[in-house]
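Take a look at the structure set out below.
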Amino acid sequence: MKQPLLATVFIAIFIACTTDKTTEMTETPITYSFLVGTYTDDASQGINQLDFTPSENKLEVRTIFPGIQGPSFVLANSAGDKVFTLEEIDSIPGGNVISLNRSSGDQFLSKLSELPSFGDHPCYLALSPNEEFLTVANYSSGSFSVYKIGENAALTHLQTFQYEGSSINQARQSSPHVHSTVFSPDGKFLLVADLGTDQVYVYDFDADSSEPLTLNNAYKVTPGDGPRHLVFSQDGKEIMLVEEMTAMLDIFNFEVGKITPKQRISLVTEGFEGGVGAAEVRLSPDGNNIYVSNRGDANTITVISKKATGEYEFTQQISSGGIMPRNFNLTADGKYLLAAHQASDDIVVFERNLETGMLSQTDWKVSVHSPVYLFRLDD
């Protein structure tokens, strides 16, 4: 009686092992996908999609919305079926904000709605956490606008704020230059970075109001810094702000709409000589590392790590692998970082050490005309 029982157990184990191996062998390869915002020279160029499948050694880019002028910023909702972009038109004043439809089965995007940005040279978009509102920063005119997103992503203009003023660098700061608009994770605040006046404006956000934004306060950074982009920590209690003109990273505490300084970290190493242009700041998915790009003569990505004490420290500085790393992004699992280079027309892939956060450049690289923004689609 014992022998059949043992045989049954053996067969069950054999089947389980075989099933595990079969499942392992037939697992679908992971593909990371990004929308790519670009500057354009002709009608064949526009918004691109990048697909990266490491296990199959594939890094591919295709144009999914040609014929648009300067879609330098692009993002999608969490479902990935609605895309928002802008037209940063060089030759004339003004610009546009556009919503598009995206279907996983389609090779191209289709336009749904278009409105003026109510300012010159729009350069940044943000979706509210509830995905019912969209904001756009207008760099040259020093203004920003907010829109309601209706059925089928139809846009309705609600407010435009125009700034005045200047700062100490008359070559770059003789007038306002709004460079980013960022919602707090809880959706209660909108932070607006103005490179031209060296200020970060904090707005209260009320989704139930016909005019949802009301100025709460303005925080003055170090004169001549030129605040550009910022990100919140995952809990919304810290802000990481990249200062374009001085290549500094400012880390602030943020509580009930108030900004207070915490740390200031240089993005250039001792002895560096040359021009700078700090650009993008990103957090790793695990929240342990901050990554910042620097253009000019530097062309680097700096890695900063969070210590057990809550303070931050410089960990690594590495060549971005190209010229003018205006933007970069990480995959959702934190395994890779992709750096987009406006001047060398390419996107370069780095591997990220999941324990230390340090980067190492891979051989993966793809040519793209003037890539200036990467939006992760696999969230």
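The values are calculated or read from the model by the stated rules, or taken from the named source; none is laboratory data. Keep in mind the model is a prediction, meaning the values are calculated, not measured. Here the Cβ positions follow ideal geometry from the backbone for every residue, glycine too, while neighbour counts run over all protein chains shown. We work out accessible area using only protein heavy atoms, side chains counted, and drop any ligands, DNA or RNA first. Shrake-Rupley method; radii C 1.70, N 1.55, O 1.52, S 1.80 Å.
Between the helical axis of 2-25 and the longest alpha-carbon principal axis of the chain there is an angle of about 30 degrees. Measuring between their Cα centroids, the range 101-117 and the range 263-339 lie 32 Å from each other. For the range 31-38, 3J(HN,Hα) computed residue by residue from phi via the Karplus equation (6.51, -1.76, 1.60; θ = phi - 60°) reads 10, 9, 10, 9, 7, 10, x, 9 Hz, glycine and proline entered as x.
For the full complex of protein chains and a 1.4 angstrom probe, list 280, 313, 131 by accessible area with the highest value first. Intermediate values should be presented prior to the final figure.
Details: 280 10, 313 85, 131 65 Å².
So, going from the largest accessible area down, we get 313, 131, 280.
Modelled spin-label separation between residue 343 and residue 266, with each label point placed 7 Å from Cα along the Cα-to-Cβ direction: 2.2 nm.
Can you tell me the relative contact order of the chain? Whole percent, Cα pairs under 8 Å, sequence separation 6 or more. Don't skip to the answer; put the middle values down first.
Working: 1035 pairs, mean separation 39.0, N = 379.
Dividing the mean separation by the residue count of the chain yields 10 percent.
Only the Cβ atoms of Lys and Arg (+1) and of Asp and Glu (-1) were treated as charged; on that basis the dipole of the range 151-300 about its Cα centre amounts to roughly 260 debye. Charged side chains reduced to their Cβ positions (Lys and Arg at +1, Asp and Glu at -1) give the range 39-196 a dipole of some 200 debye around its Cα centre.
For residue 79 and residue 237, what is the calculated FRET efficiency with R₀ set at 25 Å and r taken between the beta-carbons, to the nearest 0.05? Given R0 = 25 Å and the Cβ-Cβ separation, E is 0.30. For Rg and Dmax of the Cα atoms in Å, pick the label among (1) 23.8, 78; (2) 24.0, 88; (3) 22.7, 94 that corresponds to the value derived from the coordinates. Read-out from the structure maps to (3). For residue 82, a cut-off of 16 angstrom between C-alpha atoms picks up these lysines, skipping any fewer than 8 places away in its own chain: 111, 148. For the options 323, 98, 168, a Gaussian network treatment of the chain with springs between C-alpha atoms closer than 10 Å singles out 168 as fluctuating the most. The charge dipole of the chain, taken about its Cα centre with unit charges on the Cβ atoms of Lys, Arg (+1), Asp and Glu (-1) only, comes to about 540 debye.
Once you have a ≥ b ≥ c as the square roots of the Cα gyration tensor eigenvalues for the range 246-358, tell me rounded if a/c is under 1.5, and otherwise prolate or oblate according to whether a/b is larger than b/c. Taking the square roots of the gyration eigenvalues as a ≥ b ≥ c, the range 246-358 is oblate.
When the range 72-143 is described by a simple charge dipole with +1 on each Lys and Arg Cβ and -1 on each Asp and Glu Cβ, the residue from 85, 137, 123 located farthest towards its positive end is 85. Checking the cross-link pairs 237/262; 262/335; 188/258; 220/306; 188/307; 335/365 against a 18 Å limit on the alpha carbon distance flags 262/335; 220/306; 188/307 as lying beyond it. For the chain, the fraction of 1.4 Å probe accessible surface lying on carbon and sulfur atoms is 51 percent.
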